[in-house]
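**Q** Let me begin by handing over the structure; questions about it come next.
Just so it is clear, none of the values below were taken in a lab; they were calculated from the coordinates. For clarity, every value in this text was computed on a predicted model and none was experimentally measured. Neighbour counts are summed over all protein chains in view; Cβ atoms, including those assigned to glycine, are modelled from backbone coordinates with ideal geometry.
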């Protein structure tokens, strides 16, 4: 698309892009600025202060919610990666109508609106009388993470030479060994992508967690929601600033590692 | 493969050093789980309790009696030890056998509670609850925008204040205000009266900026609106930041509410729960909480030590002759579903 | 049949956590329980589709309208942006696209909260406006604020798929069109736009779906009259214990959403694009 463009075109494009970036960043810039505001009031500047950071770090609920969020993300992503990879291998080798039934079933949690998934899982847990808490959160997160793993692994399986597995077994490998020694390494990039995607989805989720958590257990998203519902709390601004810096650092790190691959964006859900 | 393992391993190690108070269930230490309204305990009270007793507190908050009740109903088994519902909700939970009898030998400070708060209708024997706080539903307003006298619920239907009114996002309270403005009982179960209340709320809707929860305090402080229906226990928290707002109870009367601490039947830490109730009734702690909320403490000794401005405030501590005119919420047997339908209909309009 | 074990264990999981919950929704939406007995009923649906009192249908219609406006705005704002980004030199666009996804990785609630600070009656925007002697904006607590919140949160979902398609466009097609005498505008409407249609559809899908079912954005930025279908569903489960009615509305919204997906999805691909 490197077509010749007039000067006017270029200036217009630049201004437009600047406008969109302003739209995206202005609110974040405001949050960051407010996080250093001594005053609790948003419309007046009471001087520079780090007190909201100090009180944020002493906020046990936030710290414990952060721990829950990270543990949940890692566990659910890891388990979903194992189940999802296995499911993808199974699906890949399945033929006939059952394959498309199962495939469509797999994508249900991804296509369904979060609120429906959340409500449905809530009904499931209450119906069987399951005591909700960390484990119900974990099961739910695994459930909505699996499709992302399957979706990342399936294309890699398609690219794989179909004779590879047969060759391995012809050479005397047991099927289970052949899968772990031959198939899994071959699709590893897809597995890693799925794992990372699952972590992202899990950390990002609010709605499903909101419906499936139990007493005493909350994730960062749930905690932020109840903070915003309670009114003005400058600790939220401090938290936003910290999260922004962490995300910025992560993205820079990822980008430096993946090097000059060109301009393709990391496509996250 | 190795790299992935290294990553997972590193992250797991990282986790091992992250405190996880939220989900550590096999914690050997003593704990107590408390479920209370948002902004409903003075800062520092929980820390003080933990310090003095060594019992770790897991503390969650709810926004209305209804969402608390539903959360308990939807969870099976052990949820919380202590919950602080209001009068009519305590009756309901009592009837549904959700509450445990309190061993008052472990709550000696409860003796210091003023006689008039003991054995109220919602818990006639007084064996299942310990009064925590009480107050009224009132109108908070900005005297700069509202220069007339606030003495009628009708002001909440006044076009002059269109889009400057906040109502409470709570079924009983908002329907209650509508019933009061119509001159009916707060506890009406008459379908016709309730239908009128529904129409009244629908009529009011275009004037209402938002149905709010705990955030109403900050919104009024920021002058987002001119009038708000609030619980009198919010007054202390508002005054702390801004003492220029005014408060009024309409002549037609209002709702007087009693919130009390109860122990759930499924509680796993009943002794700790009783220790916590006892702590709440200790005069200095009761005073901390009452002062924070600008309310009159039900604990006699605490009340005696509170500032005169609170003790003599007719909104948080109405004189007996006024109090007699106010109504307490009762269970609305037979009309409970109608209340729910009306409220979800009003919100959906 | 060497994958039987794997496949069947997964089938069990998928049925328990993907299918069973949906069947339960259907079950609750079609039954009424009175004491211990459960009976079939259509009451939950007739309450929703009550033509003499179409309150709930209005909410659904409203949700579609608001989400539709937000989606359209995202498309109008997002397409040019994707086009501009895609036409840059690879190094520059790599950097800019990085900047672009950055806000997306921030927690969605924090991003919505940011707009609360900005939009409130006495918030930052109005404070600035009044300092400049300009009239105040009354956006907070209205539908406009909800739409703004949707556009802000979901705009990247529109730009990403379009951008990813545009950078993969075969330049020789565009050159051919150019060589054959088409104006840049003709090339755009006849070549670029049709080729990016699948991406536009997927963008529409990804913006519309979360918009039409949200309850967070309307709760935080909206006011008394901006309840969306998501708000009403959430209320049935979190505030009033009406699982049947909440389930019925979930079923209704699910039918609409799957219908939309079926309409916008490419027929030949069984893989769903993110």
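**Q** Suppose a student asked you for the relative contact order of chain B, using Cα pairs under 8 Å spaced at least 6 residues apart; what percent would you report? Mind dumping the intermediate values first?
**A** Values: 563 pairs, mean separation 94.1, N = 349.
It comes to 27 percent, rounded to a whole number.
**Q** To continue, here is another question. For chain C, take the alpha-carbon Rg, divide it by the Kirkwood Rh, and send me Rg/Rh. Please report the intermediate quantities before stating the final value.
**A** Numbers: Rg = 23.1 Å, Rh = 22.0 Å.
Rg/Rh for chain C comes to 1.05.
**Q** Across peptide B:71-79, what mean number of C-beta atoms from other chains lies inside 10 Å of a residue's C-beta?
**A** For peptide B:71-79, the averaged partner shielding equals 6.
**Q** In addition: Nearest 10 degrees is fine. How inclined is helix B:2-16 to the longest principal axis of chain B, computing both from alpha carbons?
**A** Taking Cα atoms only, the helix is inclined about 70 degrees.
**Q** For peptide A:22-34, how many partner chain Cβ atoms fall within 10 Å of a residue's Cβ, on average? Show your work: numbers first, answer last.
**A** Values: counts 0, 7, 10, 3, 6, 14, 6, 1, 7, 8, 1, 1, 3.
Going residue by residue through A:22-34 and averaging, the value is 5.
**Q** With label points built 7 Å along Cα→Cβ from the Cα atoms of residue C:176 and residue C:43, find their separation and express it in nm.
**A** It is 6.5 nm.
**Q** Where the centroid of each part is defined by its Cα atoms, how far is segment A:3-75 from segment C:44-99 in Å?
**A** 23 Å
**Q** Using only DSSP helix segments of four residues or longer, with each worth -39500 (n - 2.57), what per-residue ellipticity at 222 nm results for the protein assembly as shown after dividing by its residue count and rounding to 500?
**A** Working: 40 runs with 513 residues, N = 892.
Helix-only estimate at 222 nm: -18000 deg cm²/dmol.
**Q** For a quick check: sort C:250, A:221 by the number of other beta carbons within 10 angstrom, fewest at the front.
**A** On the way: C:250 30, A:221 23.
Ascending number of Cβ neighbours within 10 Å: A:221, C:250.
**Q** Taking every pair of distinct Cα atoms and averaging 1/r, then inverting, what Kirkwood hydrodynamic radius in Å comes out for the protein assembly as shown? Before the final figure, lay out each step's value.
**A** On the way: mean 1/r = 0.0338 Å⁻¹.
It works out to 29.6 Å.
**Q** May I pose another question? Return one number: the angle in degrees, 0 to 90 and rounded to the nearest 10, between the long axis of the Cα atoms of helix A:97-111 and the longest principal axis of the Cα atoms of chain A.
**A** Roughly 10 degrees, rounded to the nearest 10.
**Q** Working from Cα positions, state the angle (0 to 90°, nearest 10) between the long axis of helix C:90-101 and the longest principal axis of chain C.
**A** In chain C, helix C:90-101 runs at an angle near 30 degrees to the longest axis.
**Q** Report, as an integer, the average count of C-beta atoms from other chains found within 10 Å of each Cβ along C:128-136.
**A** Going residue by residue through C:128-136 and averaging, the value is 0.
**Q** Which peptide among A:229-235, B:265-271 comes first, and what is the full order, when sorted by highest mean count of other Cβ atoms within 10 Å?
**A** A:229-235, B:265-271
**Q** Here's another thing I want to ask about it. How many angstrom lie between the C-alpha centres of segment C:100-136 and segment B:103-162?
**A** Answer, in whole Å: 36.
**Q** While we're looking at this one, here's another question. Take residue C:52 and residue A:188, extend 7 Å from each Cα along the Cα→Cβ direction, and tell me the distance between the two endpoints in nm.
**A** Here the answer is 7.0 nm between the modelled labels.
**Q** So for segment A:60-240, what are the equivalent ellipsoid semi-axes in whole Å, largest first, each being the square root of 5 times an eigenvalue of the Cα gyration tensor?
**A** One finds semi-axes of 37, 18, 13 Å for segment A:60-240.
**Q** With a 10 Å Cβ neighbour count serving as the proxy for reagent exposure, in which order, fewest first, do A:141, A:92 appear?
**A** Lowest to highest Cβ neighbour count: A:92, A:141.
**Q** Highest first, please rank the peptides B:119-132, C:6-19 by the mean number of other Cβ atoms sitting within 10 Å of their residues.
**A** With the highest mean Cβ count within 10 Å placed first, the list reads B:119-132, C:6-19.
**Q** What's the center-to-center distance, using Cα atoms, between segment C:192-242 and segment B:261-286 in Å?
**A** Taking the Cα centre of each part, segment C:192-242 and segment B:261-286 sit 42 Å apart.
**Q** Rank these for me by crowding, C:243, A:40, C:58, B:219, going from fewest to most other beta carbons within 10 Å.
**A** C:58, A:40, B:219, C:243
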